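The structure under discussion appears below in the form of structure tokens.
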């Protein structure tokens, strides 16, 4: 879990609360601000998820390259 996922989830939750308080108190401005904060949180969480996925792919590529280099070294030494 990275900082974008954590911060996004926190803003999403806070936005939902703000939106619901705005609705409950008939304060349309607060409800709209809460919805905007909730959506911004979702977007930041999605950014964090994408970053996490990209890091996983990069790690897989590094592992594959290292494995291929090891396999080539073994082939060279067994000839």
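Couple of notes before you dig in:
- None of 36, 54, 50 is over 18 Å from the mean Cα position of the chain (by Cα), closer than 28 Å to residue 15 by Cα, without any contact (Cβ under 8 Å) to a residue 24 or more places away in the chain and part of a helix (DSSP H, G or I) except 36.
- When each of 16, 23 is tested for being surrounded by 11 or more Cβ atoms within 10 Å (Cβ to Cβ), in contact (Cβ under 8 Å) with a residue 12 or more places away in the chain and not in a loop (DSSP other than H, G, I, E, B), the lone residue that passes is 16.
- Residue 3 being surrounded by 13 or more Cβ atoms within 10 Å (Cβ to Cβ), at pLDDT 95 or above and at negative phi: no
- Residue 71 meets all of the listed conditions (1) modelled with pLDDT of 95 or more; (2) at negative phi but one, namely (1).
The values are calculated or read from the model by the stated rules, or taken from the named source; none is laboratory data. Quantities reported herein were computed from a predicted structural model and do not represent experimental measurements. Using ideal geometry, Cβ is built from the backbone for each residue, glycine included, and neighbour counts are taken over all protein chains shown.
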